[in-house]
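Undergrad: Take a look at the following structure, please.
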Amino acid sequence: MVTLPQSLEEAIDQSRSATQAAISAGYTRLQIELLLPELKPMPVAQEWLLPTAPETWLPAPCKVLFADAGAGALARREWPLANVAIYGLGELKATVEPGDQSFVLIAPSAVEVETVEKLCQQVGERPLIMLNPRLEDASVTGIGYVGRQLRQRFLNTFEPCYYLRPLEGAVLFRSYPTPWQIWLEQAGSHQCVAEVPLKPIGDELDRLLMQASGQRRRQGGFLADLQRLLRTLNR
């Protein structure tokens with residue numbers, strides 16, 4: 001059983017293993033989310049790709065695409081990666097080529113949804129992994145109800161192979177192939193108190209948390225809980 005990570009490095013290592021397991025199981029559209037406060041996309045991408053050569057756990061050659069073209073140019077210049085081509089998502093060279101075997105999108109945002117959809121059509125059945133996407137930004141205007149429904153339908157084609165999100169005194173966690181888990185803070189540590197097959201959201205998540213804790217969720221302490229988990233992960 002995969003346990004809650006005790007450091008950011010362990011979380012990233014778990015996400016690599018989950019990605020590899022999901023690809024081996026036949027999934028081709030994958031999503032990784034490390035929803036920790038003040039966590040920037042560039043350091044996460046660097047830690048995710050550099051320590052362990054991507055060609056040892058991703059089909060190679062791999063194409064890495066940054067939503068931020070400047071970040072892509074910086075990574076291309078400074079990261080010593082073999083069998084990996086790095087570009088900004090909008091660059092002309094970022095087109096899909098027959099020899100490309102896998103793709104990684106770094107922090108695509110809601111304004112890039114159409115670009116990501118077109119890319120997925122070009123990629124076909126080759127693995128495509130989104131790392132810390134921000135495609136569900138409710139602040140983006142000009143999208144009607146039907147448009148949002150179509151966007152959500154597209155996002156639902158991605159398997160969330162790794163997910164780590166601190167809550168109020170708890171953590172919502174998933175590492176493929178394990179189910180979705182709720183870890184509750186108890187006596188200074190976190191214990192797994194619930195497992196469900198689908199991602200719990202809204203009222204369902206609240207119900208599971210209240211059921212696990214035996215009481216209504218506290219109204220305060222949200223930021224303190226986030227900060228405490230972040231300190232634990234960065235030890």
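Undergrad: Quick one: what are the phi-derived ³J(HN,Hα) couplings along region 162-167, Karplus 6.51/-1.76/1.60 with θ = phi - 60°, whole Hz, x for glycine and proline?
TA: Values per residue, Gly and Pro as x: 8, 8, 9, 9, x, 10 Hz.
Undergrad: While we're looking at this one, here's another question. Taking the Cβ-Cβ separation of Thr178 and Arg134 as r and a Förster radius of 25 Å, what is the calculated FRET efficiency to the nearest 0.05?
TA: Efficiency, rounded to the nearest 0.05: 0.50.
Undergrad: Using the beta-carbon distance between Val193 and Arg153 and R0 = 25 Å, what value does 1/(1 + (r/R0)^6) give for FRET efficiency, to the nearest 0.05?
TA: E(calc), rounded to 0.05, equals 0.20.
Undergrad: In square nanometres, what is the average projected area of the Cα convex hull of region 48-159?
TA: Averaged projected hull area, Cα only: 7.4 nm².
Undergrad: Excluding Pro160 itself, what net charge comes from residues whose Cβ is under 11 Å from its Cβ, given Lys and Arg +1 and Asp and Glu -1?
TA: With Lys, Arg at +1 and Asp, Glu at -1, the net is +2.
Undergrad: For n ≥ 4 DSSP H runs only, could you compute -39500 (n - 2.57) per run for the chain, divide by its residues and tell me the 222 nm figure to the nearest 500?
TA: -11000 deg cm²/dmol
Undergrad: Give me the extension gain from Ala60 to Arg207: residue separation times 0.36 nm, minus the current Cα-Cα distance, reported in nm with one decimal.
TA: Here the answer is 48.6 nm.
Undergrad: Moving on to the next point. What is the extension gain from Tyr27 to Met42, computed as 0.36 nm multiplied by their sequence separation minus the C-alpha to C-alpha distance, in nm to one decimal?
TA: Stretched out fully, the Tyr27 to Met42 stretch lengthens by 2.9 nm.
Undergrad: Starting from the amide H of Val64, placed 1.01 Å from N in the peptide plane, find each other amide H under 5 Å away whose residue is 5 or more places distant or on another chain.
TA: Here the answer is Ala85, Ile86, Tyr87, Val104, since their amide H atoms fall under 5 Å of that of Val64.
Undergrad: Taking H as built 1.01 Å from N, whose amide H comes closer than 5 Å to the amide H of Met130, not counting residues under 5 places away?
TA: Leu30, Gln31, Ile32, Leu105
Undergrad: Which label marks the calculated value of percent of Cα pairs over 25 Å apart, given the options (1) 44; (2) 70; (3) 48?
TA: (1)
None of the figures in this text is laboratory data; all of them are computed from the coordinates on show. All values derive from a computational prediction rather than experimental measurement. FYI the Cβ positions are ideal-geometry reconstructions off the backbone, even for glycines, and counts take in every protein chain you see.
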